[in-house]
1. Would a scan of the stretch 209-217 turn up a residue that is touching a residue at least 40 places away in the same chain (Cβ under 8 Å), surrounded by fewer than 21 Cβ atoms within 10 Å (Cβ to Cβ), out of contact with any Pro (no Cβ under 7 Å at 6 or more places or on another chain) and over 22 Å from His284 (Cβ atoms)?
2. Is there a residue in the stretch 447-463 that is out of contact with any helix residue (DSSP H, G or I) (no Cβ under 8 Å at 6 or more places or on another chain), basic (Lys, Arg) and surrounded by 21 or more Cβ atoms within 10 Å (Cβ to Cβ)?
3. With the structure loaded, tell me whether Ile406 is closer than 26 Å to Ser125 by Cβ, crowded, with 21+ Cβ neighbours inside 10 Å and in contact (Cβ under 8 Å) with a residue 12 or more places away in the chain or whether it fails that test.
4. State the number of residues belonging to the stretch 309-319 that are hydrophobic (A, V, I, L, M, F, W, C) and buried (at least 24 other Cβ atoms within 10 Å of the Cβ).
5. Taking the criterion of being part of a loop (DSSP other than H, G, I, E, B), touching a residue at least 40 places away in the same chain (Cβ under 8 Å) and over 22 Å from Ala224 (Cα atoms), would at least one residue in the stretch 170-183 satisfy it?
6. Look through the stretch 87-132, keep the residues that are under 28 Å from the mean Cα position of the chain (by Cα) and polar (S, T, N, Q), and return whichever of them is surrounded by the fewest Cβ atoms within 10 Å (Cβ to Cβ).
7. Residues Asp127, Asp144: which one is at pLDDT below 95 and within 22 Å of Thr159 (Cβ to Cβ)?
8. Scanning for something among the charged types (D, E, K, R) and either part of a loop (DSSP other than H, G, I, E, B) or touching a Cys at 6+ places or on another chain (Cβ under 6 Å) (or both), does the stretch 90-98 turn up at least one residue?
Amino acid sequence: MKSFLFPEFQVFRDENLCDQCRGCERQCAFGTHRYDETQDRMISDDFKCAGCQRCVIFCPKGAITIRPTPSSYRPNANWSREKIEDLKRQAETGGVILTGCGNDKPFRIYWDHIVLNASQVTNPSIDPLREPMELRTFLGSKPDFIDLKVDGDHVDIDTRIGPNLMIEAPILFSAMSYGAISYNAFNALARAACSSGTFFNTGEGGLPREMREEFGRCAIVQVASGRFGIDAEYLNCAAAVEIKVGQGAKPGIGGHLPGEKVSQSVASTRMIPAGADAISPAPHHDIYSIEDLSMLIHALKEATNYEKPISVKIAAVHNFAAIASGIVRAGADIIAIDGLRGGTGAAPKAIRDNVGIPIELAISSLDRRLRDEGIRNRCSIIAAGGTRCSADVIKAIALGADAVYIGTAALVAMGCNLCQKCYTGKCNWGICTQDPRLSGRLNTDIAAMRLSNLLAAWSHEIKEMLGGMGINALESLRGNRDHLRGVGLYEWELDVLGIKGAGE
């Protein structure tokens with residue numbers, strides 16, 4: 001069947017610069033470039049190009065340019081090119097359209113419509129280069145009151161405080177499983193987390209045994225519906241345990257790691273046969289109520305001797321704040337809330353683009369709901385789904401989060417160009433693949449250094465912004481929405497965010 005689709009991209013090659021070194025052919029896992037011996041020249045197939053830009057960056061002569069194809073359909077406000085091509089693709093394949101990364105639709109990005117406060121005369125700013133700025137954050141349940149025992153000059157806290165995670169800055173690496181990403185990428189996240197004083201999340205793929213002793217102290221391990229890779233050692237080697245109920249990229253549905261990505265090493269880690277599809281059901285088949293969830297939370301606490309905080313990850317959907325309230329009362333120490341711009345290795349395009357709500361609205365709603373019920377101190381909030389820069393982080397804190405998860409931003413730091421073909425397993429950057437030839441392209445040490453550099457840079461910027469606001473500790477900003485103002489937002493949006501309009 002001849003395809004009626006246009007190519008997404010066009011490959012332009014400067015024949016005067018190209019010396020037929022065939023480097024582009026070796027770099028592209030999609031088979032876009034090939035050497036034609038009869039013509040003694042490189043040939044490019046536009047239909048195979050994913051727009052990852054790997055060949056452009058690694059062409060030694062700078063002879064290649066990749067651009068979106070200029071071909072277009074007759075303009076139609078209702079029938080966009082994307083809708084037409086999705087229809088044609090499904091007519092040709094009869095299958096569900098998959099995609100990777102996060103939601104790329106033009107929904108309002110609230111981060112860009114929120115501005116921060118700054119100090120002037122009556123509240124002097126603080127110079128972060130000369131005065132201490134406290135970014136250290138503790139994640140976990142806090143007591144309602146603290147009793148002190150005073151014996152002369154010696155003061156002790158006489159209140160039992162549950163287990164908490166301590167991070168040097170309010171940023172953690174989000175759940176990305178070994179299997180969805182390569183071993184090198186997974187290892188780089190672990191290395192960067194340990195060297196930067198934060199944590200990485202294993203996702204639902206387990207933690208390789210050879211990594212547990214060295215990196216378990218920096219790991220948040222997941223218990224997902226597929227229960228992959230879970231044993232007592234897995235739970236106890238980690239710093240925290242997270243129950244994954246849902247994620248922002250595909251709320252309400254399960255996961256699927258294709259068998260071609262289940263290598264022998266991935267299979268061993270997940271405790272499944274090599275080459276078999278790893279399918280996570282949509283629900284946990286032992287959780288159908290808050291009471292069921294409470295049983296699992298306390299079972300995990302029992303299994304870890306009550307020494308580790310238990311987190312529950314949910315997607316930001318309608319009425320999620322009431323659900324989160326029940327989760328806190330069920331005994332969770334941390335709630336991770338994932339918005340509709342959350343990334344993923346593979347999701348049905350229809351789900352990714354049409355289900356969930358923006359994380360900015362979710363943070364404020366959740367924080368206010370828990371404060372109104374007087375239980376905000378009983379859990380910490382980690383926000384995920386669309387955090388792009390340090391300014392997004394500090395706005396999330398002011399809206400009510402304790403910390404943020406970054407996933408897509410971390411992948412971009414390692415080299416990802418968001419070509420959205422993660423589900424194919426042919427990632428040219430060696431990040432979302434299990435092909436040894438491709439995954440070997442990602443140098444673990446360099447990737448870990450890039451991630452550590454990103455966290456260091458964001459931490460510096462957060463300190464600068466805090467200093468400019470006249471705040472010397474992140475704790476003073478958390479949930480303090482008076483430091484935020486909205487620009488170009490409707491009244492209902494300001495109301496949900498809990499902030500005033502600019503100029504008020």
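The values are calculated or read from the model by the stated rules, or taken from the named source; none is laboratory data. If you're wondering where the values come from, they're calculated on a predicted model, not measured in any experiment. A quick note on method: Cβ atoms are made from the backbone with ideal geometry, for glycine too, and the neighbour counts reach across all protein chains shown.
1. There is at least one residue in the stretch 209-217 that is touching a residue at least 40 places away in the same chain (Cβ under 8 Å), surrounded by fewer than 21 Cβ atoms within 10 Å (Cβ to Cβ), out of contact with any Pro (no Cβ under 7 Å at 6 or more places or on another chain) and over 22 Å from His284 (Cβ atoms).
2. Looking through the stretch 447-463, at least one residue is out of contact with any helix residue (DSSP H, G or I) (no Cβ under 8 Å at 6 or more places or on another chain), basic (Lys, Arg) and surrounded by 21 or more Cβ atoms within 10 Å (Cβ to Cβ).
3. no
4. Step one: list which residues in the stretch 309-319 are hydrophobic (A, V, I, L, M, F, W, C), which gives 310, 312, 314-317.
Filter once more, keeping what is buried (at least 24 other Cβ atoms within 10 Å of the Cβ): 310, 312, 315-316.
Summing the residues that are hydrophobic (A, V, I, L, M, F, W, C) and buried (at least 24 other Cβ atoms within 10 Å of the Cβ) in the stretch 309-319 gives 4.
5. Within the stretch 170-183 (the criterion being part of a loop (DSSP other than H, G, I, E, B), touching a residue at least 40 places away in the same chain (Cβ under 8 Å) and over 22 Å from Ala224 (Cα atoms)), the answer is yes, since at least one residue qualifies.
6. Among those that are under 28 Å from the mean Cα position of the chain (by Cα) and polar (S, T, N, Q), it is Asn117.
7. On the way: Asp127 fails: within 22 Å of Thr159 (Cβ to Cβ).
Going through Asp127, Asp144 in turn, the sole match is Asp144.
8. Kept after step one, since they are among the charged types (D, E, K, R), are these residues of the stretch 90-98: 92.
Retained after the next criterion (residues that are either part of a loop (DSSP other than H, G, I, E, B) or touching a Cys at 6+ places or on another chain (Cβ under 6 Å) (or both)): none.
No, every residue in the stretch 90-98 fails to be among the charged types (D, E, K, R) and either part of a loop (DSSP other than H, G, I, E, B) or touching a Cys at 6+ places or on another chain (Cβ under 6 Å) (or both).
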